[in-house]
Amino acid sequence: MDHSTHRLLIEGDMRRLEALLEQTARSDAELQRKILGKGDLQLLDLACGACHEANTLARVFGSSEREAGDNRKMQFVGLDVRAREIAEAATRFTGDLHSEFSFINGDATKLDSYKQLPGAFDVIFMRHQNLGDGKRTWEEIYHKALEKLSPNGRLIITSYFDGEHEAALDVIENQGGELLVTEANETSRRLDIPGKSVDRHLAILKRKG
Ligand SMILES: C[S@@+](CC[C@H](N)C(=O)[O-])C[C@H]1O[C@@H](n2cnc3c(N)ncnc32)[C@H](O)[C@@H]1O
């Protein structure tokens, strides 16, 4: 696939992700408050790879429907073990009035060891979580993510597959998460493997209790 075709596909995926996120967030008053609120917001994009979704999240949580004079800043941190993807993301996303980006090449199972991170995040996003790639590792990633949420914080995941999504929700609940809403993406772009499509499901969770 040539570069411009690939770029167009990603742009389409991003438009659909933004619509899905905004639509699903309407079922969660607290997340809606976080989107529209005026205070600064800390967002962690965990296992973000090349972080294609950074600008989409910045639009939703940083600049959407801002009134003049509302200077909300979204502090965005992207983290992934893959050095090349993180380096690419760092050159691509530089920030604007409402968003400040930083990227860490790191291991999400050791989230508590990155002292440069804020104590807690209002939103932790995991696009295409990868439970199928190693249950033990992903249990630990979900555990660390839930620990790093602010008291009213929200964990948002998307998945490529139906079964993997269901399994991930079970694992997150076992790690202390509570499912608030999950939504199937009716316009998800199909991929080459049967049953796999882009942002096929999106779920919003919080920490129990
Ligand atoms: C299916 S990819 C999704 C990447 C990106 N979020 C996306 O939607 O394109 C899963 C990502 O998890 C990352 N990953 C796996 N184990 C990790 C770990 N322990 N810490 C941080 N990232 C990890 C991989 O490097 C990969 O980028």
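The values are calculated or read from the model by the stated rules, or taken from the named source; none is laboratory data. Since this is a predicted model, take the numbers as computed values, not measurements. Glycine also receives a Cβ, built like all others from the backbone with ideal geometry; neighbour counts cover every protein chain displayed.
Below is a table of values for the structure above.
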| quantity | calculated |
| --- | --- |
| Candidate set: region 179-202, residues that are among the β-branched types (Val, Ile, Thr) and within 21 Å of residue 10 (Cβ to Cβ); chosen: the one surrounded by the fewest Cβ atoms within 10 Å (Cβ to Cβ) | 193 |
| Residue tally, condition of a type outside the set (A, V, I, L, M), within 16 Å of the ligand (Cβ to nearest atom) and not in a loop (DSSP other than H, G, I, E, B), over region 74-113 | 15 |
| Which numbered condition residue 168 misses (of (1) touching a Phe, Trp or Tyr at 6+ places or on another chain (Cβ under 8 Å); (2) part of a strand (DSSP E or B)) | (2) |
| Helices (runs of 4 or more DSSP H) fully within region 1-60 counting 2 or more residues that are surrounded by 21 or more Cβ atoms within 10 Å (Cβ to Cβ) and in contact with a helix residue (DSSP H, G or I) (Cβ under 6 Å, 6 or more places away or on another chain) | 3-25 |
| Selection from region 114-165 of residues that are surrounded by fewer than 20 Cβ atoms within 10 Å (Cβ to Cβ), of a type in the set (Lys, Arg) and not in a loop (DSSP other than H, G, I, E, B) | 135, 136, 144 |
| Odd one out for residue 161, checked against (1) in contact with a strand residue (DSSP E or B) (Cβ under 6 Å, 6 or more places away or on another chain); (2) within 12 Å of the ligand (Cβ to nearest atom); (3) among the hydrophobic types (A, V, I, L, M, F, W, C) | (1) |
| Matching option when the condition is within 13 Å of the ligand (Cβ to nearest atom) and at pLDDT 95 or above, among 54, 19, 25 | 54 |
| Neighbours by Cβ (under 6 Å, 6+ apart or cross-chain): first from region 49-77, in contact (Cβ under 8 Å) with a residue 12 or more places away in the chain and farther than 12 Å from residue 125 by Cα; second of a type in the set (Ser, Thr, Tyr) and surrounded by fewer than 19 Cβ atoms within 10 Å (Cβ to Cβ) | none |
| Condition check for residue 71: under 12 Å from the mean Cα position of the chain (by Cα), surrounded by fewer than 22 Cβ atoms within 10 Å (Cβ to Cβ) and away from the ligand (no atom under 13 Å from the Cβ) | no |
